[in-house]
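Below is one structure, written out as structure tokens, with a few remarks after it.
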Amino acid sequence: MSNNRNRNRNRNGRPRPQEHSDSHVQRILPFRFQHDGETFELPPAKHGTEALTGGDLIDAAMGDELGQVRFFIKMLEAAGPSREAMAALRAMPIPRFSNVMSEWMKRSGAHPGKSGPSSN
């Protein structure tokens, strides 16, 4: 069998699924995290960034570090998380909260061109 025929098949010998060639097509998934043995879900961070304005970002950038934290929390609230998810986030120690929020932003569309699966 020639190498050309093998390129169109995956390791199981099945044809590879077709990928979208449109660069504007992105699949943004909700983000999942765990706290106290329970799994919670946050809407994609992209929803939060789409709900805010350039003025919100300018205000945060021109302010001190606290202004940037306010922008981040505003983005979280604008994404529309459930009451249960927010309660879990509020109950976390700050280092864990910071890690979960950083991953939420990276993996669910808050940064241009970056999206990906959930993280537990």
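Worth a mention:
- Length available on full extension from residue 65 to residue 84: 0.36 nm per residue minus the Cα-Cα distance, which gives 4.1 nm.
- The listed peptides 76-86, 40-50, 61-71, ordered by packing as a protection proxy, come out as 40-50, 76-86, 61-71 (highest mean of other Cβ atoms within 10 Å first).
- Remark on residue 35: its backbone amide H falls under 5 Å from those of 40, a criterion applied only to residues 5 or more positions apart or on other chains, H modelled at 1.01 Å from N.
- Spin-label model, residue 77 to residue 98: label points 7 Å out along the Cα-to-beta-carbon direction sit 2.3 nm apart.
Every read-out reported here was derived from the displayed coordinates using simple, explicitly stated rules and does not represent laboratory data. These figures come from a predicted structure and were not determined experimentally. Quick reminder, even Gly has a Cβ in these numbers, built from the backbone with ideal geometry, and neighbours come from all protein chains shown.
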